[in-house]
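Okay, structure first, notes after.
The values are calculated or read from the model by the stated rules, or taken from the named source; none is laboratory data. Keep in mind that what you see is a predicted model, and the values were worked out from it rather than measured. When we count neighbours, we look across all protein chains shown, and the Cβ atoms used for this are built from the backbone with ideal geometry, even at glycine. The accessibility values were calculated without ligands, DNA or RNA, using every heavy atom of the protein model including side chains. Shrake-Rupley method; radii C 1.70, N 1.55, O 1.52, S 1.80 Å.
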Amino acid sequence: MNDRDESWTEWARRAQTGDKEAYRFLLHDITPYIRNIIMPTLANPDWADDIIHEVLISVNKSLKKYSPESPFKPWLLAIIN
């Protein structure tokens, strides 16, 4: 697990306990990562913001199911894909 994944894992754990600042940091930090993952797959780059928004909604809905004992990045990639 790299430093970024460790940070995401910690922020996700804290967000699960109601820490709004950790939640905000998490969403802010994963957004460019999501963009980098989806951009090569898009026929129209103008769709990126809509897709990122949908991924962030899915993260929000699924965060309570995330297990902080596992790395965050594979969990996020499963949502993106």
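Give me the percent of the accessible area of the chain that comes from carbon and sulfur atoms, probe 1.4 Å, all protein chains in place. Don't jump to the answer; show the numbers that get you there.
Details: 2700 of 5230 Å².
Here carbon and sulfur together make up 52 percent of the probe-accessible area.
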Please give the solvent-accessible surface of E54 in Å², to the nearest 10, using a probe radius of 1.4 Å with every protein chain present. 110 Å²
Rounded to the nearest 500, the 222 nm mean residue ellipticity computed for the chain from DSSP H runs (n ≥ 4, each -39500 (n - 2.57)) alone is -23000 deg cm²/dmol
Given contacts defined as C-alpha pairs under 8 Å and at least six residues apart, what's the relative contact order of region 8-55, whole-number percent? 25 percent
Skip the ligands, DNA and RNA, and give the accessible area per residue of the chain with a 1.4 Å probe, whole Å². 65 Å²
Report the charge-dipole magnitude of the chain in Debye, nearest 20, computed about the Cα centre from +1 at each Lys and Arg Cβ and -1 at each Asp and Glu Cβ. 260 debye
Could you size up the charge dipole of region 1-46 around its Cα centre, putting +1 on the beta carbon of Lys and Arg and -1 on that of Asp and Glu, and report it in debye to the nearest 20? 140 debye
What does the charge count around Q16 come to, taking other residues whose C-beta lies under 10 Å from its C-beta (Lys +1, Arg +1, Asp -1, Glu -1)? +3
Would you mind telling me which residue in P40, P71, P32 has the biggest mean-square fluctuation in a Gaussian network model of the chain, where springs connect alpha carbons within a distance under 10 angstrom? P40
Most fluctuating of A43, A22, A12 in the GNM of the chain (C-alpha, under 10 Å) is A43
Using alpha carbon centroids, what distance separates region 4-19 and region 32-46, in Å? 24 Å
Can you tell which of T31, T17, T41 shows the greatest fluctuation in a Gaussian network model of the chain with Cα springs below 10 Å? T41
